[in-house]
Amino acid sequence: ELQGGGVRALAVAADAAREQDVQRVRRQVEQKLGQIDILVNNVGIARYAPFFELTLKDYDWMMNTNMRSTFLFTQAFLGPMVGSGAGWVVFVASVSGLFGFPGETAYCASKHAQVGFAKALDREVCDKGVKVSVIAPGGVNTEHAFGTGRTPGDASLQGFLEAEDVAQSVVFAVTLPPKARAFLIGLRPMAEGYYA
């Protein structure tokens with residue numbers, strides 16, 4: 001679809017939590033497309049369950065997928081941005097990275113880790129011309145957590161944000177004027193209550 005619209009695009013199947021796979025993605029992307037100016041870390045999985053129902057396997061699955069992938073992809077693509085003095089690293093985190101919710105202990109931990117990583121990275125690379133943004137959406141109407149806490153056809157999904165809403169926030173962050181940067185964009189569906 002992208003190529004049909006005149007855009008150069010490349011799809012690479014990989015396990016985002018495996019260092020070898022991420023390095024293979026980097027090599028293929030650089031070979032086909034050249035240097036990457038915008039990295040969007042948009043990997044996320046969850047198991048929603050009370051703490052005492054979670055296993056170490058659940059924890060490792062969420063932390064490795066959500067945070068390890070963030071570290072690996074940022075490590076793979078950030079260097080050339082710093083070298084050129086420009087670029088954007090965007091983290092699609094979650095409102096669960098800003099607040100704690102019952103039934104989401106390990107997921108919240110993984111997303112809090114992602115937000116903390118982004119905060120520290122912003123301080124390291126801002127003076128090098130690289131912008132860092134965190135998009136923190138509430139519920140999004142996707143297949144996220146189907147079978148691990150959410151059910152297809154759940155009526156509440158209809159009140160959630162759409163994936164396109166989150167994508168528009170990413171576009172907003174990376175198209176701000178050169179002197180501006182948006183570090184945190186909180187994005188909430190109207191159907192969700194306020195959390196403090």
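The values are calculated or read from the model by the stated rules, or taken from the named source; none is laboratory data. None of these values were measured; they are calculated from a predicted model. Virtual Cβ from ideal backbone geometry, glycine too; neighbours counted across all protein chains shown. Note: accessible area is taken over every heavy atom of the protein model, side chains too, but ligands, DNA and RNA are not part of it. Shrake-Rupley method; radii C 1.70, N 1.55, O 1.52, S 1.80 Å.
Some observations on this one:
- Within the range 95-116, the only residue that satisfies the criterion of being among the aliphatic types (A, V, I, L, M), open to solvent by less than 30 Å² (accessible area, probe 1.4 Å) and either out of contact with any helix residue (DSSP H, G or I) (no Cβ under 6 Å at 6 or more places or on another chain) or more than 16 Å from V43 (Cβ to Cβ) (or both) is V95.
- Candidate set from the range 165-196 (those that are among the charged types (D, E, K, R) and modelled with pLDDT of 90 or more); member that is farthest from D127 (Cα to Cα): D165
- Contact map, the range 1-20: first residue in contact (Cβ under 8 Å) with a residue 40 or more places away in the chain, second residue aliphatic (A, V, I, L, M), Cβ cut-off under 6 Å, separation 6 or more or different chains; pairs are A16/V43; E19/L72.
- Check on R68, out of contact with any helix residue (DSSP H, G or I) (no Cβ under 8 Å at 6 or more places or on another chain), modelled with pLDDT of 95 or more and surrounded by 15 or more Cβ atoms within 10 Å (Cβ to Cβ): yes
- Pairs with Cβ under 9 Å, 6+ apart, first in the range 169-181 and in a loop (DSSP other than H, G, I, E, B) and crowded, with 16+ Cβ neighbours inside 10 Å, second modelled with pLDDT of 95 or more and not basic (K, R): R181/W88; R181/D122; R181/C126; R181/V132; R181/S133; R181/A173
- Residues (among the β-branched types (V, I, T) and at pLDDT below 95) located in the range 112-164: V140, T142, T148, T151
- Scanning the range 76-94 for residues that are of a type in the set (F, W, Y), farther than 19 Å from V166 by Cβ and open to solvent by 20 Å² or more (accessible area, probe 1.4 Å) turns up nothing.
- Taken over the range 1-24, the criterion of being hydrophobic (A, V, I, L, M, F, W, C) and surrounded by 10 or more Cβ atoms within 10 Å (Cβ to Cβ) is satisfied by L2, A9, L10, V12, A14, A16, A17, V22.
- Qualifying positions in the range 86-118 - more than 18 Å from the chain's Cα centre (by Cα) and within 18 Å of A173 (Cα to Cα): A86
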